[in-house]
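Trainee: One structure coming up, written as C-alpha cells, with questions to follow.
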C-alpha cells in the first residue's frame, strides 16, 4: 500500500476541531511521519496509527505548527520503551531544540536517535524499492517539501517468449532491467519482444508551506498525488503573498501546471470554520482535487 | 469564584482520552494556568476556557508532560494578537527553551513575555486580595508545588454597635483589621464587641509530582482543597518510590495528616484504563476525596 493519512490539516492555531500539520505516508511497509504539530501523538492514538512503526520523521520547517509535537512524541517513544532507531530529518537547529529538552529532564532514550540536518535539496533516503527526496519551497523561513517515490519496478518476462528466443535464465535479471539480448549469431532480440512493463511506479509530494512558485514544479512533475497548502481563499491572495502562503485557486493552478494526477489541499487558516469553498475554488482550476480531511487515508 | 478546572489528569504518556497535566485556577477574576502539557491549548478550546484571560502561567518542573504545551500556547497567543503581558513562572532553563524556539521562527510577540525563574520556595505573587506561593516537592528533578491563598478578609462592622460605643467612622478601617478602640477616658472597646469575622479565607494547593513526603505538609496545612498526584495504586508502592511518585493510598494519608478539607487526585499512569480503584483506595484513608476529571471545575 502507498497512501497518506492526514493527522492535522489546519494552519498555525488549532480551531474547529482541526489540528496543526501532520501526516503519515505509508510506503513499502514503512510509516513515514511528515511534520509533527502539537498533539500529533494524540491524533495517532485517535486514528489508530501504530506509533511503533514510525522509524523516520521529516520536518519541513521550524514554524511551531509543524514541529511542536515532535519532542512529546520522542519522549513518549522513550517512555513506551521503543527500541528501534529513530531518524529525524529537519532544518537546523532542530537537533539543538530537542536535545536541550531531553537533557533538562535527564532523559535517557532506550533507542538511538539520529538527527539528519537538511540544508540543501537532494536525496534523503534511497533504498531498494523507494527513494525520498527533499526540495526547497518558498516560505518565510527555510522550508522543504518531500517527494516519496517508488523505484522503477522490474519488467515482467514472458517465459514462453524467452524460451522461444533461446535466452538463458542467467540473463533474466538483465532482461527485467530492460536490456536487449544478443544471440550467438549476432541477432538482437529486442527487450520488448520478451518482456512487458512492470507495474507503474508512483510518487507523492508533500509541498509544505509555500507561496505560489512554479520553480518548485520540476521536483514533482507528473506525480500521482501532491499535497499543496491553501491557507486562504483567493480573495485573500495579497495576504497569502505577504505571509508566504498560497490560496486554493493557486494550489489548483500549481497542480495543473505540474501535470499531476491528483491534488490534496490542506493547511487551512483558522479564520474559516467550514472548508467547502476551498474545494470549490481549487476544482474550478483543477477538477481532481480533494480536501485533506483528518483521519482519512488517501491512496496514491 | 475560587475553583480549579482540570484540563489534563494523566501522567507521562497520553492514553484513554486522558491528557498530560494542566489545570486552570480561577481566583479573584484571574485565570492562572498551572502546568501546560502537550495539547493544553486544544483542551482549553474543548472546555471553553477563555485563553485571553490567562495572564500568569506556573510550571512545576521540566518533565515534558508538564510543559511541552507551553511553547504552542505562547505562539498561539501571538498569532491571536494577545496584547496583555504574560508572566511565566518556572524552573531554569525554561526561558532558554522557549526563547530558542521563538527565535528560530523569527517570532515577534505582540505582548510582553516576562519570565520569572523559580529557584527557591517563597512568594511568587502578592496582591491586595490574594497571594501565590511555591514550595519544593520531592521529585526526580527540581519541582515545585503552588499554593493559592486568599488574603484575610476584613472584619465586618456592626454599625449600630459602633455608634453605641461612639467610635468615629475614621477608625472603621482599623476596626476592620481587628484593632480594639480606646475611648477618651481610657476604656477599651474590644474589637469583637463591634465587629464579626469576615468571610473565611480559602486556599488551594497544587502538590505537583512528588513522592510521599510529610515535610511538604507545613506549606499547605489546613488548605480547603489540595491536588495530590497518584500515579499508581498502592500495590506498586515500590515503583512509585523509585520513580519519585505517589500511590493513591499515600495521597489520602498525606491529605489526612495535612488536615485539609478535601483531596483531588490525578496524574494517573497510562497503565490504568479505568480510575475507580484510585478513588476507592484514597477514600479508605481520606473519605473526602474526588478524582480529578478533565473538564470538571472543582469549587474551593
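Trainee: If I take every Cα pair under 8 Å that is 6 or more residues apart in chain A, average their sequence separation and divide by the length, what percent do I get for the relative contact order?
Mentor: Computed value for chain A: 17 percent relative contact order.
Trainee: Let me ask something additional. Between helix A:276-285 and chain A, what is the angle of the helix's C-alpha long axis to the longest principal axis, kept within 0 to 90° and rounded to the nearest 10?
Mentor: Tilt of helix A:276-285: around 40 degrees.
Trainee: Could you work out how far the C-alpha centroid of region A:40-61 sits from that of region B:177-243, in angstrom?
Mentor: Between the Cα centres of region A:40-61 and region B:177-243 lies a distance of 45 Å.
Trainee: Another one. Please determine, in degrees from 0 to 90 and to the nearest 10, the orientation of helix B:248-258 with respect to the longest principal axis defined by the Cα atoms of chain B, where the helix direction is its Cα long axis.
Mentor: Around 20 degrees separate the two axes.
Trainee: Would you kindly calculate the translational diffusion coefficient of region B:1-117, applying Stokes-Einstein with the Kirkwood radius from alpha carbon pairs, for 25 °C and a viscosity of 0.890 mPa s, and quote it in µm² s⁻¹ without decimals?
Mentor: After rounding, the answer is 172 µm²/s.
Trainee: Mind checking Rg over Rh on the protein assembly as shown, alpha carbons, Kirkwood formula for Rh?
Mentor: Expressed as Rg/Rh, it is 1.14.
Trainee: Determine one quarter of the surface area of the Cα convex hull of region A:1-69, which equals its mean projected area, and express it in nm² to one decimal.
Mentor: Result: a mean projected hull area of 4.3 nm².
Trainee: What nm distances, shortest first, do you get from the label point of residue A:297 to those in the other copies when the point sits 7 angstrom along Cα to Cβ?
Mentor: Those label-point separations list as 4.3 nm.
Trainee: In addition: Identify, for chain B, the residue whose C-beta comes nearest the rotation axis onto chain A, and round that distance to whole Å.
Mentor: Closest to the rotation axis on chain B: B:39, 2.
Trainee: Calculate for the protein assembly as shown the 222 nm mean residue ellipticity that helices alone would give, adding -39,500 (n - 2.57) per DSSP H run of length 4 or more and normalising by residue count, nearest 500 deg cm²/dmol.
Mentor: -6000 deg cm²/dmol
Trainee: Any idea what % of Cα-Cα pairs in region B:156-196 are farther than 14 Å?
Mentor: The share of Cα pairs beyond 14 Å in region B:156-196 comes to 31 percent.
Trainee: Rank the residues A:262, B:153, B:184 as a footprinting-exposure proxy: fewest other Cβ atoms within 10 Å of their Cβ go first.
Mentor: Ascending number of Cβ neighbours within 10 Å: B:184, B:153, A:262.
Trainee: With 10 angstrom as the radius, rank B:139, A:82, A:61, A:267 by how many other C-beta atoms surround their C-beta, starting from the fewest.
Mentor: Placing the least packed residue first, the sequence is A:82, B:139, A:61, A:267.
Trainee: Using only the alpha carbons of chain B, what is the convex hull's orientation-averaged projected area in square nanometres?
Mentor: Hull-based average projected area comes out at 18.4 nm².
Trainee: Label-to-label distances across copies for residue A:241, with labels 7 Å out along Cα→Cβ, in nm, shortest first?
Mentor: The projected label point of residue A:241 is separated from its counterparts by 7.0 nm.
Trainee: Follow-up. Give me the percent relative contact order of region A:21-61, please, defined on Cα pairs under 8 angstrom at least 6 residues apart.
Mentor: Relative contact order comes out at 42 percent.
Trainee: Rank these for me by crowding, B:134, B:36, going from fewest to most other beta carbons within 10 Å.
Mentor: The most exposed by this proxy come first: B:134, B:36.
Trainee: Output, in nm with one decimal and in ascending order, the distances from the residue A:96 label point to the matching label points of the other copies (7 Å from Cα along Cα-to-Cβ).
Mentor: 1.2
Trainee: I'd like the mean, over residues of B:76-85, of how many other protein chain beta carbons sit within 10 Å of each residue's own Cβ.
Mentor: Mean partner-chain Cβ count within 10 Å for B:76-85: 2.
Trainee: Could you work out how far helix A:94-104 tilts from the main Cα principal axis of chain A, as a 0 to 90 degree angle to the nearest 10?
Mentor: Long axis of A:94-104 versus the principal axis of chain A: about 60 degrees.
Trainee: Now for a different question. Round to a whole angstrom and tell me the spacing of the C-alpha centers of region B:248-281 and region A:134-174.
Mentor: Region B:248-281 and region A:134-174 have Cα centres spaced 60 Å from each other.
Trainee: How much of the DSSP beta bridge set in chain B is antiparallel, as a percent to the nearest 5?
Mentor: DSSP beta bridges in chain B are roughly 55 percent antiparallel.
Trainee: Rounded to the nearest whole Å³, what is the per residue volume of the convex hull around the Cα atoms of region B:144-300?
Mentor: Considering the Cα atoms of region B:144-300, their hull volume per residue is 146 Å³.
We did not get these values from a lab; they are worked out from the coordinates using the rules stated. These figures come from a predicted structure and were not determined experimentally. Glycine gets a Cβ as well: all are built from the backbone with ideal geometry, and neighbour counts include every protein chain shown.
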